[in-house]
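Structure first, commentary second.
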Amino acid sequence: MATVALTAENFDEVTSKDGIVLVDFWASWCGPCVRFAPTYERSSEKHESITFGKVDTEAEQALAAKFDIRSIPTIMAVRDGVIVFSQPGALPESALENLIEQVEKLDMDEVRTQLAAHSH
C-alpha cells in the first residue's frame, strides 16, 4: 500500500479508526526526511494492514504545531485512535520494523487503563 498524505482535513478521520496508523512528519528541505522516505515506503509495502501516513510540515504547519513537532522527521504511531509512540529522528529499517512489531503487540485495554490513570 502506498503512503497517504495526511492533512488537517483528513488527519482525525484517518487516525481515529481501529488499527495501526504510522505518521511520518517530514519536509522536502529536510535531508534526513528525504533519506528516510524510501525506508518508510518499503515498510508500507510489507504491512498492508497498516496505514502509512505522511504529514508535510511545510504545508500542514497547524498539524505540526498541534502535535508539538519540533524536529523532523518525527515518527508517530497511532493504534485504535490512541497515540502510542512519537519520537523524532529517522529510523533505520530494522528499528522501524521493530516499532511496528511493538505496536502490534500492545494490549490496548492496558494502554487505555494507563492513560485513564494519568489523566486524573
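Throughout, read-outs are computed from the coordinates displayed, never taken from laboratory work. Here the structure is a predicted model, which means the values were calculated and not measured. Don't worry about glycine lacking a Cβ; one is built from the backbone with ideal geometry, like all the others, and counts go over all protein chains shown.
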Efficiency of FRET from Cβ geometry, Val34 and Ser71, R₀ 22 Å, rounded to 0.05: 0.90
Compute, for the chain, the length of the dipole vector about the Cα centre, with Cβ point charges of +1 (Lys, Arg) and -1 (Asp, Glu) only. Units Debye, rounded to 20. 300
Take each of the peptides 98-105, 52-59, average the number of other beta-carbon atoms within 10 Å over its residues, and list them starting from the highest. 52-59, 98-105
Lysine pairs in the chain with Cα distance under 20 Å, only those 8 or more apart or on different chains: how many are there? 6
antiparallel share of DSSP beta bridges within the chain, to nearest 5, in %, is 60
Contour minus end-to-end for Glu58 and Ala95, with contour as 0.36 nm per residue of separation and end-to-end as the Cα-Cα distance? 10.7 nm
Please list, ordered by chain and number, the residues whose modelled amide H lies under 5 Å from the amide H of Leu6; skip anything fewer than 5 residues away on the same chain. Lys54, Val55, Asp56
Relative contact order, percent, of the chain when contacts are C-alpha pairs under 8 Å separated by at least 6 residues? 31
